[in-house]
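Read through the structure below, which is laid out as structure tokens, and then see the notes.
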Amino acid sequence: MTHTFDKDYWQHHWDDRTSHTVAANPYLVEETAGSTPGSVLDAGCGTGAEAIWLAERGWQVTGADISATALDAAAKQAESARVDATWIEADLTTWNPTERWDLVMTHYAHPSIPQLDFYRHIAQWVAPGGSLLIVGHLHHGAQHHSHDGEPPHEATVTVKDITALFDASSWRIDTALERSRTVGGIGVHSKTLRDAVVRATRLI
Ligand SMILES: C[S@@+](CC[C@H](N)C(=O)[O-])C[C@H]1O[C@@H](n2cnc3c(N)ncnc32)[C@H](O)[C@@H]1O
């Protein structure tokens, strides 16, 4: 099934899901190990698991999302965790902040514009010397038809396509990997996610 991934879609998506608490994404945990805390923008933060995890470790966090419902839940969870964070409701495909961040990260955000255009747009917000961390749904291959519960084709990417966005004179690719992981419990309740993970550092 094809979606438009607009504001209505995401508001509806979050209507009955905000009570779920999720652990921070394991790639974020790996990719920030040993980093000095700085400013971070979570682009498409949902209910804020990753943003809050970094705030608990001393980062100055901004979480941005198109869904007010998700942001309300994120703010409540931050309050329970007793951490400060700034939550911004915005359509990131048209948002033009003047601020730049030491880390811009996005986990599985798929908006209404093509996925690679979204990554190119948010890459502008990385401060010189800062990093962009992208965790996306890995492309299944041309012959694959999406099943229920799987991301639709247009929300998927390859590591090769993501890394091709970055000009070597301005960016260094630090991580480029494809991985599978199982989430969500045992047996029929579990599902396998196939992920594309890229971390790039802005040189200038
Ligand atoms: C699949 S959820 C992932 C949420 C969270 N990052 C996580 O990993 O659990 C995708 C998120 O991107 C947000 N999103 C989609 N399009 C957006 C847009 N144009 N601007 C801002 N956020 C958007 C959705 O509201 C949703 O919270």
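The values are calculated or read from the model by the stated rules, or taken from the named source; none is laboratory data. Just so it is clear, the model here is predicted, and its values are computed rather than measured. Backbone-built Cβ (ideal geometry, glycine too); neighbour counts: all protein chains shown. For accessibility, only protein heavy atoms count, side chains too; no ligands or nucleic acids. Shrake-Rupley method; radii C 1.70, N 1.55, O 1.52, S 1.80 Å.
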Net dipole in debye of the chain [+1 Lys, Arg Cβ; -1 Asp, Glu Cβ; about Cα centre; nearest 20]: 540 debye
Amide H contacts under 5 Å for T175, placed H, 5+ residues apart: R199
Of all accessible heavy-atom area on the chain, the percent that carbon and sulfur account for (1.4 Å): 50 percent
Candidate lysines - alpha carbon under 23 Å from K160, same-chain residues fewer than 8 apart omitted: none
Three-way shape label, the chain, alpha-carbon gyration tensor, a/c 1.5: rounded
Accessible area in square angstrom per residue, the chain, 1.4 angstrom probe: 52 Å²
Longest site-free stretch - the chain; sites: chymotrypsin sites (Phe, Trp or Tyr not before Pro), DSSP loop, at most 15 other Cβ within 10 Å: 109-204
Contour excess over end-to-end distance, with Cα ends at T36 and T86 and 0.36 nm allotted per residue: 16.0 nm
Under Karplus coefficients 6.51, -1.76 and 1.60, residue-wise ³J(HN,Hα) of segment 93-106 in Hz, glycine/proline x: 6, 10, 5, 10, x, 8, 5, 10, 10, 5, 9, 10, 10, 8
Convex hull of Cα atoms in segment 122-204, direction-averaged projection (nm²): 6.4 nm²
Karplus (6.51, -1.76, 1.60) ³J(HN,Hα), θ = phi - 60°, over segment 126-140, in Hz, Gly and Pro reported as x: 7, 5, x, x, x, 10, 10, 10, 10, 10, x, 7, 6, 4, 7
